[in-house]
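Data first, discussion second: the structure below is written as structure tokens.
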Amino acid sequence: MIMNKSIIPNIVVKPKARYERLHSFPHLKKFVHSYHIIIENQSNEVVQLVSRHWYIVNGFGQVREVQGVGVIGKQPVIGPGERYEYDSWSPLETSLGKMYGTFTMLNVGENQIFETDIPEFALNADHISN
């Protein structure tokens, strides 16, 4: 299999985060954020999400990397014009931070691996900033 970043440019990832006040403990420096991810296949190809690679950056600029197979235990197949959505969460040691990364995808018809960027999004404890 060949790794390429531009085989299918029409995979669009839309992230949205939310601060989870009830699961956070600011006095213990634990700020929990949930996030909702939408992956839209705007191509004419069938693709499969194979793995993820996240960069989670706290307010001090310290980076934690998370890699693994699939998302939430699944490796979804997404047909042309379809979308896949999932929810997950991440703890953070500071009230502010950000996440970004890549999904490794498989172009099923061509049997080729490629990466799709996950746009950067803010992790923001709303009790501090909103």
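Read the figures in this text as sums done on the coordinates, not as results from a lab. None of these values were measured; they are calculated from a predicted model. Here the Cβ positions follow ideal geometry from the backbone for every residue, glycine too, while neighbour counts run over all protein chains shown.
Among the lysines of the chain, pairs at least eight places apart or on separate chains and with Cα atoms under 26 Å apart come to 14. An ellipsoid equivalent to region 68-127, defined through the eigenvalues of its Cα gyration tensor, has semi-axes of 28, 12, 11 Å when rounded to whole angstrom and sorted largest first. Summarising the label geometry, the points placed 7 Å from Cα in the beta-carbon direction at S88 and F25 lie 2.4 nm from one another.
For region 1-119, what class follows from the C-alpha gyration tensor (a ≥ b ≥ c being the square roots of its eigenvalues): rounded when a/c is under 1.5, otherwise prolate if a/b is larger than b/c, else oblate?
Since a/c reaches 1.5 and a/b is larger than b/c, the shape of region 1-119 is classed as prolate.
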